[in-house]
Amino acid sequence: MNDIKTVCVYCASSTKIAPCYFEAARKLGETLAKAGIRIVNGAGNIGLMGELSDAALAAGGEVVGVIPHFMVEQGWCHTGLTEVIEVHDMHTRKQTMARLADAVIALPGGCGTLEELLEIITWKQLGLYLHPIVILNVKGYFDPLLAMFDRAIAENFMRTAHRQLWAVAKDIPTALHLIHTLPDTDPAVRKIAKI
């Protein structure tokens, strides 16, 4: 069993999405908090990020938000978090979130969430991030992305072994099981980054 103290959660900031996604964010926040697992996220105060943070805090959990200064100036920062780390740019934000995390869980989201997920998978492929990455596939949201990964492997843009870089969960109990049981990756994985 992995000693998971902090999980980075990538998720949407949209307020216009279906209630099932908000419910998933709320349940994930509560579940992580009750398990004594700290959350690190992008410090957003709306959408799934806000829902996740509010649920975790209400359940007695800790949430660390990492946010660039320009987003704070826009009023996008959640003001009730356990800790807010203000950074200069988006890249530093993502680096900091990854550095703090013993595992990553991705909830559905738009371009920002997808970019974060693909970047952390790339970092794992290169041996720069070694911990579990779990895609929480609420309502089959990530099915097209997973199909794209399959095509990339089938057409030799990626190796079959690269499937080991992420895991997919259909529900929160499975996601929690995976972050605790998936082994960390050997940094030597970068040897197969080149095809």
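Computed from the coordinates by the stated procedures, all read-outs in this text should not be read as laboratory data. Fair warning: this is a prediction, and the values are worked out from it, not measured in the lab. Because the Cβ atoms are built from the backbone with ideal geometry, glycine has one as well, and the counts that use them run over all protein chains shown.
Things to note:
- Between 0 and 90 degrees, the angle of helix 111-125 with respect to the longest Cα principal axis of the chain falls at about 50 degrees.
- Links that overshoot a 29 Å alpha carbon limit, given the list 5/170; 5/27; 5/94; 94/170; 16/194: 16/194
- Residues whose placed amide H lies under 5 Å from that of residue 87, excluding near-sequence neighbours: 67, 69
- Per-residue Karplus couplings for the stretch 93-98, computed as 6.51 cos²θ - 1.76 cosθ + 1.60 with θ equal to phi - 60°, are listed in order as 4, 5, 4, 5, 4, 5 Hz, Gly and Pro entered as x.
- Label positions at residue 2 and residue 85, each projected 7 Å from the Cα along the C-beta direction, are separated by 1.7 nm.
- Amide proton proximity set for residue 40, modelled H, under 5 Å, gap of 5+: 7, 8, 9, 64
- Calculated [222 nm] ellipticity per residue, helices only, for the chain: -13000 deg cm²/dmol; basis is -39500 (n - 2.57) per DSSP H run with n ≥ 4, divided by all residues, nearest 500.
- By the count of other C-beta atoms within 10 Å, a proxy for reagent exposure, 54, 171 are ordered fewest to most as 171, 54.
- Working value for the chain: equivalent-ellipsoid semi-axes of 26, 18, 17 Å, each the square root of 5 times a Cα gyration tensor eigenvalue, largest first.
- Taking every DSSP bridge with both residues inside the chain, close to 5 percent are antiparallel.
- Angle in degrees between helix 19-34 and the longest Cα principal axis of the chain, rounded to the nearest 10: 90
- Distance between the stretch 43-120 and the stretch 134-195 - C-alpha centres, whole angstrom: 22
- Close amide H partners of residue 45, meaning residues 5 or more places away or on another chain with modelled amide H under 5 Å apart, are 78.
- Stretch gain in nm, segment residue 126-residue 190, where the contour uses 0.36 nm per residue and the Cα spacing is subtracted: 22.6 nm
- Cβ crowding within 10 Å ranks 87, 72 as 72, 87, fewest other Cβ atoms first.
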